[in-house]
1. With 10 angstrom as the radius, rank Phe295, Phe34 by how many other C-beta atoms surround their C-beta, starting from the fewest.
2. For the Cα atoms of the chain, what angle does the longest principal axis make with the long axis of helix 257-267, in degrees from 0 to 90, nearest 10?
3. With springs only between Cα atoms under 10 Å apart, run a GNM on the chain and tell me which of His152, His274, His297 wobbles the most.
4. What is the set of long-range amide H partners of Cys111 at a cut-off below 5 Å, with H atoms built 1.01 Å from backbone N?
5. Could you tell me the ratio Rg/Rh of the chain? Both radii from Cα atoms, Rh via Kirkwood.
6. Among residues other than Asp164 whose Cβ falls under 12 Å from its Cβ, what is the net charge (Lys/Arg +1, Asp/Glu -1)?
7. Once you place label points 7 Å from the Cα toward the Cβ at Glu317 and Asn106, how far apart are they in nm?
8. Starting from the Cα-Cα distance between Phe124 and His204, subtract it from 0.36 nm times their residue separation and give me the gain in nm to one decimal.
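No lab work stands behind these numbers, since they all come straight from the coordinates. In this text, all values refer to a predicted model and were calculated from it rather than measured experimentally. Methodologically, a virtual Cβ is constructed for each residue, glycine included, from the backbone with ideal geometry; neighbour enumeration extends over all protein chains shown.
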Amino acid sequence: MPRRTMIEAIRDAMDVSMARDERVIVYGEDVGFFGGVFRCTQGLQAKYGKSRCFDAPISESGIVGSAIGMAAYGLKPCVEVQFADYVYPAYDQIVSEAARLRYRSNGDFTCPIVVRMPTGGGIFGGQTHSQSPEALFTHVSGLKVVVPSNPHDAKGLLISSIEDPDPVIFLEPKRLYNGPFDGHHDRPVTPWSKHELGEVADGHYTVPLGKAVIRRAGAAVTVLAYGTMVYVAEAAAEETGIDAEIIDLRTLLPLDLETIVASVNKTGRCVVVHEATLTSGFGAELSALVQEHCFYHLEAPVARVAGWDTPYPHAQEWDYFPGPARLGRALVETMEA
């Protein structure tokens, strides 16, 4: 199979979906002629025309609001918010309209939209280009929330999201976009987040929403991770020598609770890691679910390792989000508890 970056895999997913279904349209800021700031949509306008891949005004609420209207009347918009940090003007449309449409219409209307957003740090984007807002969407009934960690999953999950009859928030970790190098600064990714270009099959395939995968089998402690943190978890396990089982959640909503519970009941310990801030982050929900469902199997408190509770610090970016040293200390403390 060909090896692709995550950018190429995401582009291929949209290409395949547009070729299979003429109702699929792609648009957003700089998405058409320019091909997106990260080039995820490069070439799609030339291939499918300006009526199916086009540029939108700089209005996130307008982008998502128009997509909801199009979806209600039979189209399948896959729209891009240029950075996850820019989604807040569209939050009311996502929460009050997209997530509610099926329910408030008693199923007469659905909202099959995908809102793609680059998320997370690692490119020195500062406070307005580096946020991880996934918890804002996992709190909303009616949405699905997806965070891929590799090119193969990114393509399959995006195709599944486009084909899903309900709204999907698709968060793309920017540090994973260009394989083992940062495409913006030509800066080698540090060893603890290095990953290979993924084998991505040509043509149509799907990865099911709501199904996690065990990236590393182990018996001593379960690590729950998603996106870039999957690679941090793997590095921390290797550096500490702890026999950790690492679960890549892939979909945060709906959550694969069955896989989580089975693993924690086996290991008796659990550490949750994510890049977003600690307080009210998605790790709090994961920790609560593990405590509720695995209480009598737990041999230590559930630990959380996350970003600092502070606005994103540009100068201290690589200290802000968890690295293998910080996660490794949590693994050791959990094993000694």
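1. Working: Phe295 8, Phe34 13.
Ranked by crowding around the Cβ, least crowded first: Phe295, Phe34.
2. Its long axis makes an angle of about 20 degrees.
3. Looking only at His152, His274, His297, the largest GNM fluctuation is found for His297.
4. Answer set, sorted by chain and number: Arg102.
5. Working: Rg = 19.4 Å, Rh = 20.1 Å.
Rg divided by Rh gives 0.96.
6. On the way: positive: Lys76, Arg102, Lys144; negative: Glu163, Asp166.
Net charge around Asp164: +1.
7. So the two model labels end up 5.2 nm from each other.
8. Values: separation 80, 0.36 × 80 = 28.80 nm, distance 3.47 nm.
Using 0.36 nm per residue and subtracting the Cα-Cα distance, I get 25.3 nm.
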